[in-house]
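Structure first, then comments.
The values are calculated or read from the model by the stated rules, or taken from the named source; none is laboratory data. All values reported here derive from a predicted model rather than from experimental measurement. Backbone-built Cβ (ideal geometry, glycine too); neighbour counts: all protein chains shown. Accessible surface is based on the protein model in full, side chains and every heavy atom, while ligands, DNA and RNA are left aside. Shrake-Rupley method; radii C 1.70, N 1.55, O 1.52, S 1.80 Å.
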Amino acid sequence: MRWIRNVLKVKDWEKKRRARELEDIEKQIRLIEEEMGNLEKKMDELNQSIKVEFSFEKLVKFRTLLAKERELKNLRDTLIKERESKKEELKSIYKDIKAVEVVKGRLESEFMRKENAVEMLRSNFFYLIKKFLVLSLLIPALALPQGAIQKKIKEKKETKAESELKMVTKELEEKLKRLEEERKRLEKLKQVEPKKEEVPPDFQKLIAIFNRADTDEAGAIMNNMDPNLAAEILLKLKDSQAAAIISAMDPQKAAEVSQIMARKRAKKAP
């Protein structure tokens, strides 16, 4: 579950960065449109002035304003295209966050299901213990002096009780064995860390994010990540990007992650 929280943290950081960039572009577009509005007013005034009294100086000024207006229009059109591109990137990030949250919900449901299964096995265990105790009390009671018929009934009851006791004991042992196996499996499931052969689908998106991320911010995020996960991600990055991120990390954490990376490379070497 830790790797999912880290993915969501990175995605949230990227979402905020894209939103800030989009907001900056919107501000630039508004400023340009305001300036274009002022230019249009000046051009209208100058145009009216030229109609009343023509002069070469006014004509040159009008052409200068017209060139400035065209320049602002081109800049505005460029920013509008960039704004649309940023919007699409932001939409993609929101989709990625939703997808990761769906995976997170499924894993949480799976953990809950396992916990409920273990709890049910425990309940069954206590029920079998109770049944075992009742049978243990029943057997001595059958040992009281009785007549011949009662003795046969007693023997039959004792035989049946012993058979049932053996069956219950066997069932109890099997239940305990399954309970222990389920407990161990659940503990392993809780402690499992992403390995190369168990990398989830969203792990590739995480790698793409770190390949494009600012190295200082990426290094700060890596400082708070599990060192094994951090090493696995860095091994997948471009060498230059990985080296820059390690340089931006806390020296102690960087040394720990670098040692893990070295061990992983050694295992992969022929």
**Q.** Where labels lie 7 Å past Cα in the beta-carbon direction, separation of GLU23 and ASN223 in nm
**A.** 2.4
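Compute the length gained on full extension between SER258 and LYS61: take 0.36 nm times their separation in residues and subtract their Cα-Cα distance, giving the result in nm to one decimal.
64.5 nm
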**Q.** Kirkwood Rh in Å, taken over the stretch 1-75 so that all alpha-carbon pairs contribute
**A.** 15.7
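Could you sort ASP239, ASP216, ASP77 by their accessible area in this structure, using a 1.4 Å probe and putting the largest first?
Reading off the accessible areas and sorting them downward yields ASP239, ASP216, ASP77.
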Q: Could you provide, to the nearest whole Å², the per residue accessible area of the stretch 10-53 with probe 1.4 Å?
A: 66
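Loop only by DSSP, 10 or fewer other Cβ within 10 Å of the Cβ. Give me the GluC sites (Glu not before Pro) in the stretch 28-80 that pass, ordered by residue number.
For GluC sites (Glu not before Pro) across the stretch 28-80 that sit outside H, G, I, E and B with at most 10 neighbouring Cβ atoms in 10 Å, the list reads GLU53.
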Q: Set the Förster radius R0 to 30 Å, insert the Cβ-Cβ distance between LYS87 and LYS42 as r into 1/(1 + (r/R0)^6), and round the FRET efficiency to 0.05.
A: 0.35
Q) Given 0.36 nm per residue, what is the gain on full extension from SER163 to VAL102 after removing their alpha carbon distance, in nm? A) 16.9 nm
